[in-house]
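The values are calculated or read from the model by the stated rules, or taken from the named source; none is laboratory data. What you see is a predicted model, and the numbers here were worked out from it, not measured in a lab. FYI the Cβ positions are ideal-geometry reconstructions off the backbone, even for glycines, and counts take in every protein chain you see. In case anyone asks, the SASA skips ligands and DNA or RNA and just uses the protein heavy atoms, side chains included. Shrake-Rupley method; radii C 1.70, N 1.55, O 1.52, S 1.80 Å.
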Amino acid sequence: MITREDIRELAAFQSNGDGCALSFYFQPRTPQNRSHKEETILAKDLVRQALREAEQHGKNGCAREDLERILEIANNLHASPAKAKAIFAAGPNKIWREFDLPPQLPGTQLFVNRRFHLKPLAVLLGAQPNVCVTLVDRQRGRFFDLRLDELKERGGLFRNLPRGRSDGYAGYDAGHTERRVANEAKLHYKQVADRLKDELERGVWEKVVIGCHDTNWSEFESNLHPYVKQRLLGHFPADVASLTCEEIRENANRALERALAQRRDESLREALGQAKGNARGVTGLRRVLRSIELGEVQTLFLGDNYMARAVECTGCGRIDSHMVPYCPLCGKATRELADVCDAMIPMAIRRDIELFYVKNHPEFDRVGNIAALLRFRADQSRPQIAAAS
């Protein structure tokens, strides 16, 4: 499973040649016939096209061995709907990384460039946190990790509740037994809640989703530490003993998607509003690039299919939306970028900038399908910067 550290490592790479960084994405599709070969054929065609360019025009020469290796892998790919695949290679730098991914990529694609093409991964990962899924009832607590649609159970808690042999004379002991059961359940809820608090403090997870019977939810919720409640994405009704892993994953993913969509919409609304007031928001490629360069950006918003031309300085690496032949800072020559996202997304990843993709938003369309919410504004006074921080 790919991690954020893997993504940062890939984002930091840049080859000295013009085409040594190879990025291959395989997205399985529902087969149109029993041969299940449509995507495999497409993958092989993409690789062969890149090999032909290497032979005919001298392009991608340093990636030839990696392309041939991917072609061999493509011959053996099986379009299982359960897994997509990503491969990143740079032979001259001895880099070869393979990752299985959820089948949610935009399609089967191959890129050969100076940098690894990370946009499909950024779309997939977005602002997804490490999520803890906890199932709890009056006796049991089960703990799972959810990352990129992969669910792994990592332990649990169990508490035996007392059972009275009889209700005693005229039911005298029934009340005592019921109170003992209720007290043991409270202790169990506190134990589960304490474990969640401890895990949060140790950085085991960033957000939590809880599955619990509706009748027990209020009692359990009252035991949660305020810090844990702040990280709670939601809860769903669950029978701890009978719920399958697939049902757990589906319920947790729904809660995560709702929370991420809400955060995206609220943050975008704030960014657009702040931009109108010349405060902690900017819109348009030029302003966003400048804010990234100055370290101001907290959250970056891109249209789902956003593309724009830009230039990159061959000396200092500065990206400019103006198509100038020489860098205005250091005077070195620039190179054209057909898609500024190829350079901007790795920059955002390296700087831990939260990234959201936005679809079908008229106001966002009007400002150019690119915006950023800022931590501070470097061109404003120190008191304002301190307040924003």
request  = Kindly indicate which of G141, G107 is at pLDDT 80 or above and on the phi > 0 side of the Ramachandran plot.
outcome  = G107
message = Being open to solvent by 20 Å² or more (accessible area, probe 1.4 Å) and touching a helix residue (DSSP H, G or I) at 6+ places or on another chain (Cβ under 9 Å) is the filter here; which residues of the stretch 338-352 pass it?
response = D342, M347, I349, R350, R351, D352
inquiry  = Against the condition among the β-branched types (V, I, T), closer than 30 Å to N16 by Cα and over 23 Å from the mean Cα position of the chain (by Cα), how does V324 come out, does it pass?
reply    = yes
request  = Could you tell me whether the stretch 133-143 includes any residue that is touching a residue at least 60 places away in the same chain (Cβ under 8 Å), of a type in the set (V, I, T) and closer than 22 Å to A348 by Cα?
outcome  = no
message = Condition check: within 28 Å of R258 (Cα to Cα) and aromatic (F, W, Y). Does F111 satisfy that?
response = no
query = Does A185 satisfy being at pLDDT 95 or above, part of a helix (DSSP H, G or I) and surrounded by 13 or more Cβ atoms within 10 Å (Cβ to Cβ)?
reply = no
ask   = Given the residues N369, N360, which is the only one that is on the phi > 0 side of the Ramachandran plot, touching a Phe, Trp or Tyr at 6+ places or on another chain (Cβ under 6 Å), among the polar types (S, T, N, Q) and open to solvent by 30 Å² or more (accessible area, probe 1.4 Å)?
value = N369
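Every residue, every condition in (1) surrounded by 19 or more Cβ atoms within 10 Å (Cβ to Cβ); (2) at pLDDT 70 or above, yes or no:
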| site | (1), (2) |
| --- | --- |
| A11 | yes, yes |
| Q14 | no, yes |
| R29 | no, yes |
| R34 | no, no |
| L51 | no, yes |
| K59 | no, no |
| N75 | no, yes |
| A82 | no, no |
query = Pairs, please: C-beta under 8 Å, at least 6 apart or cross-chain, first residue of a type in the set (K, R) and in the stretch 42-64, second modelled with pLDDT under 80 and not in a helix (DSSP H, G or I)?
reply = K59/D18; K59/G19
message = Can you find, within the stretch 234-257, the residue that is most open to solvent (accessible area, probe 1.4 Å) among those that are at pLDDT 90 or above and among the polar types (S, T, N, Q)?
response = T244
inquiry  = Looking only at residues that are touching a strand residue (DSSP E or B) at 6+ places or on another chain (Cβ under 6 Å) and open to solvent by 20 Å² or more (accessible area, probe 1.4 Å) in the stretch 271-305, which one is modelled with the lowest pLDDT?
reply    = D304
task = Taking the options L105, L146, name whichever one is surrounded by 17 or more Cβ atoms within 10 Å (Cβ to Cβ), under 26 Å from S267 (Cα atoms), touching a Cys at 6+ places or on another chain (Cβ under 8 Å) and not aromatic (F, W, Y).
result = L146
key: Filtered residues of the stretch 16-27 (kept if at pLDDT 70 or above and either part of a helix (DSSP H, G or I) or surrounded by 13 or more Cβ atoms within 10 Å (Cβ to Cβ) (or both))   = C20, A21, L22, S23, F24, Y25, F26, Q27
request  = Would you be able to tell me the number of residues in the stretch 213-252 that are part of a loop (DSSP other than H, G, I, E, B) and of a type in the set (S, T, N, Q)?
outcome  = 4
